[in-house]
Structure formats: structure tokens, C-alpha cells
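Here the structure is laid out as C-alpha cells; the discussion comes afterwards.
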Amino acid sequence: MAIRNVLVTGGAGYIGSHLVDALVTRGYVVTVLDNLEPQVHRSGTWPTYANPKVRYVRGDVRDRSVFEPLVLEAEAVVHFGAAVSVGQSMYQVDRYVDVNTRGTALLLDILVNTTHKVEKVIVASSIGVYGEGAYLCTACGPVAPTIRTEAQLAARDWEQHCPSCGAHVFSIPTPEDKALYRDNIYSMTKYHQEEMVLLIGKTYSIPAVAPRFFNVYGPRQSLSNPYAGVAAIWLSRLMNGKPPVVFEDGGQLRDFVSIHDVVDCLTLMLETSGADYLPVNVGSGETVTILEIAQLLKRLLGSDVEPEVTNAGRKFDIRHNTADITVAREKLGYAPKVTLEAGFTELIEWAKTTPDVAVDFFDKAYGELKAKGLLVG
Ligand SMILES: NC(=O)c1ccc[n+]([C@@H]2O[C@H](COP(=O)([O-])OP(=O)(O)OC[C@H]3O[C@@H](n4cnc5c(N)ncnc54)[C@H](O)[C@@H]3O)[C@@H](O)[C@H]2O)c1
Ligand SMILES: [Zn+2]
């Protein structure tokens with residue numbers, strides 16, 4: 001039977017809402033389950049971009065009485081409802097594990113113990129499951145160093161060393177089969193989610209896919225949530241006349257992918273079987289340093305405020321991680337289209353129209369990191 005009814009948890013959020021719009025355009029009947037988490041939805045109401053053709057149900061993914069009837073109506077479940085911040089997860093351990101891990105466990109418990117008609121489950125995983133990205137040592141070949149020690153950060157020796165010979169190593173795009181390890185609670189929960197969904201999917205023949213999102217950017221990204229993505233945080237700062245705060249020396253390599261490419265990739269995951277039962281990197285395939293992103297934002301905004309490079313590290317941060325998107329290209333036919341220049345221009349044009357940008361809570365989050373002793377250097 002073809003998929004028609006799609007349940008999107010967290011569908012009032014940033015990535016989910018864009019997917020919801022695309023699904024409506026493609027003729028799906030969409031239901032959203034979202035608890036309007038106050039840190040994300042400060043108004044406490046459905047966002048202004050809520051799609052009039054979608055049924056919105058306010059409820060928690062940990063509440064079986066709401067979740068189960070919605071799962072039973074669906075032919076596909078896209079599970080995005082989650083607590084989303086690396087730094088905050090290191091001091092709200094119980095909340096992160098409860099929402100992310102237990103919420104997903106409940107979804108699976110429903111699928112295993114009911115007569116349902118779900119033919120596809122997509123669960124949001126993350127770049128975080130890798131810990132550090134993949135590296136190459138000139139002497140030893142491909143290596144997988146783990147997180148840098150506090151002593152290394154304190155010495156401001158930012159680059160990774162080879163675990164075998166100790167030489168500095170070079171970042172290379174990370175394939176899905178790189179050895180995984182987690183260095184923060186949020187990433188552990190993302191890994192639990194991914195591993196549990198893929199396991200139950202395989203065991204009960206429910207096709208499941210775990211997109212590992214890299215740095216997703218675009219309109220509707222929360223600009224007032226100081227725990228959200230770095231591009232949004234910096235944009236808010238710049239638009240408030242304050243410098244973007246860049247940790248370490250700004251040379252960290254990342255993959256920034258436009259929300260539109262992400263939605264294309266998710267649609268392919270839903271509508272084709274090429275990536276069933278797999279974790280899949282979702283990135284742009286382009287590599288950029290975070291200082292370059294700060295400077296790009298400054299230039300596109302016409303701001304004269306220079307980024308503030310702190311030369312301090314955060315205990316849970318990785319040095320480099322960029323996406324090898326071969327699996328998405330080959331198994332799904334994914335072909336990212338949006339350039340950084342075009343994508344960030346769109347983000348800025350949208351930011352100018354949202355009142356959220358007037359608010360900058362970064363100092364509060366920064367103060368919390370300091371108070372918890374998570375900054376080094
Ligand atoms: N944005 C990124 O770059 C990125 C990167 C990696 C992974 N992800 C993952 O993608 C998914 C979507 O992320 P996003 O950036 O759209 O985040 P978001 O915070 O904008 O959206 C998450 C949505 O989930 C809802 N939610 C939170 N707790 C809930 C609960 N207990 N019950 C029901 N709903 C709840 C929130 O109200 C929000 O609308 C998340 O699972 C996140 O972990 C995002
Ligand atoms: Zn070596």
C-alpha cells in the first residue's frame with residue numbers, strides 16, 4: 001500500500017516544519033505531534049508558519065495516550081521531536097535522555113505491540129554520533145582519534161594527533177562506517193534513537209532510515225534559542241551589533257547544509273527504499289571553517305563587527321567533522337543544490353523579517369557554560 005498518512009513528531013520545529021510543507025505539496029495527509037517546547041516556541045502557540053492543511057496535535061512524545069492513536073493512523077512516522085542542544089545536555093541529563101531516548105523507546109514499543117500499518121520510520125540522528133570526524137595520518141593512514149583532553153585544550157593545541165604515532169592528522173570527509181563514539185549526552189541520545197529504530201526496524205521488517213544531519217541552516221531556525229545552531233546564534237549577535245563568539249581559533253571544519261537540500265533528501269528517504277535500514281549522512285558535501293561562516297555572515301549582512309575569536313575551547317567540542325555523502329548520492333540519488341552564498345543570503349533575508357532576531361540570549365548560555373566549568377583556555 002502506498003504511503004499517504006504521515007505523522008511528523010516535532011513537526012512544529014525547524015526541520016520538521018519544512019518537511020511538513022513539502023509533504024503537503026506532494027499530496028500527503030500530514031499530522032504533527034509537538035509539545036511546543038517553551039525553549040523553542042517562546043510564544044507558547046503554534047508558529048505563524050504552521051501549515052493550514054496540517055492537523056496539529058499538542059502533546060508529548062513520552063505520552064502514550066496521545067502518541068499511540070496517532071501512530072495507528074499513520075503509514076509513515078518521521079520522528080523529530082527531541083531536546084536539541086549539545087551544551088545544555090551536559091547539565092540537563094535527565095531531560096535529554098527522557099525526551100530523546102525514552103520518547104523513541106515508546107514509539108518502538110507502540111510499533112511492536114500494536115497492529116499498525118507503518119511502512120517507514122525516519123528518525124533524526126546527528127553528526128554527533130561520530131564524535132570526532134575521520135582523519136588521515138601521513139604515516140599511519142586513516143585514523144579515528146577520540147576527544148581532545150582538557151590538558152590539550154588548555155595548551156591551545158587545537159589540532160588532533162594520531163592515536164598511533166602522535167603526529168598531527170588531517171581531517172577527511174566522514175563515512176557512515178567510521179568508528180562511532182559519543183562525547184556528550186545529546187549525542188548519546190541521538191545514537192540510542194538511531195540504533196534502537198534501526199534494530200527494531202530490521203527485526204520486525206519495518207523499513208527504517210536514520211538521517212545523520214550535519215549543520216542544517218535556513219529560515220525558521222530558532223534565532224532566540226541560545227542552545228541552537230551556531231549560524232543562528234551568530235546571526236542574532238551580528239544583527240544586535242555584537243560580535244559572533246568563535247571558540248578555539250575558528251579553524252574547525254564543518255559541513256553546512258541548506259534546509260532545502262535536507263528536505264529533498266528526507267523526501268527521497270520516504271519515497272524510495274534505497275537507504276532502508278541504514279544511517280545516512282545528510283550534508284552538502286562542501287567543507288568550510290566556522291570562522292569562514294562567521295565572516296560570510298558579516299559580509300552578507302554588511303556588518304562592521306568583527307568575529308571575536310576566543311582561543312578558548314569547550315570540553316565537549318570536536319575539532320573537525322565533515323560529511324562524506326556518497327551513500328546518500330548512490331543509494332538515494334541525493335544531489336545537494338544550494339550554495340553557501342545563496343543559502344545564507346536566504347537565511348539573512350528571512351531573519352530580517354522575524355522579531356526573534358532582536359533578542360540575544362547568548363550571554364546567558366555562555367555564562368552557564370562558564371559556571372559549569374565547561375570552558376577551557
Ligand atoms: N538542526 C540541526 O542542525 C540538527 C542536526 C542534527 C540533528 N538534528 C535533529 O533533527 C531533529 C529536528 O531538529 P530541529 O533543528 O528542527 O529542532 P527544533 O527544536 O526546531 O524542533 C524540535 C521540535 O520538537 C518539539 N519537541 C521537543 N520536545 C518534545 C516532546 N517531548 N514531545 C513532542 N515534541 C517535542 C519542539 O517543540 C520542536 O518543535 C531533532 O531530532 C534534532 O535532534 C538537528
Ligand atoms: Zn600516525
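Only the coordinates and a few stated rules stand behind these numbers; no lab work does. Small disclaimer: the values here were computed from a predicted structure and weren't measured. Glycine also receives a Cβ, built like all others from the backbone with ideal geometry; neighbour counts cover every protein chain displayed.
Among TYR91, TYR217, a tally of other beta-carbon atoms within 10 Å of each Cβ gives an order, fewest to most, of TYR91, TYR217. Under 30 Å of direct C-alpha separation, and excluding same-chain neighbours fewer than eight residues apart, LYS352 reaches these lysines: LYS53, LYS242, LYS298, LYS337, LYS364.
Ellipticity at 222 nm from helices only: DSSP H runs of n ≥ 4 in the chain, each -39500 (n - 2.57), divided by the residue count, give -9500 deg cm²/dmol. Simple rule: put +1 on each Lys or Arg Cβ and -1 on each Asp or Glu Cβ in the chain, find the dipole, and look at PRO69, ILE127, LEU332; the Cα lying farthest toward the positive end is PRO69.
Look at MET90, MET269 and count the other Cβ atoms within 10 Å of each Cβ; fewest to most, that gives MET90, MET269.
Going from the fewest other Cβ atoms within 10 Å to the most, the residues LEU33, LEU136 appear in the order LEU136, LEU33. Note that region 266-277 has calculated 3J(HN,Hα) couplings of 5, 5, 5, 5, 6, 9, 10, 9, x, 10, 4, 6 Hz, one per residue in order, obtained from phi through the Karplus relation 6.51 cos²θ - 1.76 cosθ + 1.60 (θ = phi - 60°); glycine and proline are x. Amide hydrogen proximity for ASP317: with H placed 1.01 Å from N in the peptide plane, no residue at 5 or more positions away or on another chain lies under 5 Å.
Out of the DSSP beta bridges found with both residues in the chain, what percent are antiparallel (nearest 5)?
DSSP beta bridges in the chain are roughly 25 percent antiparallel.
Using a simple spin-label model with pseudo-atoms 7 Å out from Cα toward Cβ, ALA179 and THR45 lie 5.3 nm apart. Between the Cα long axis of helix 290-301 and the first principal axis of the chain there is an angle of about 80°, rounded to the nearest 10.
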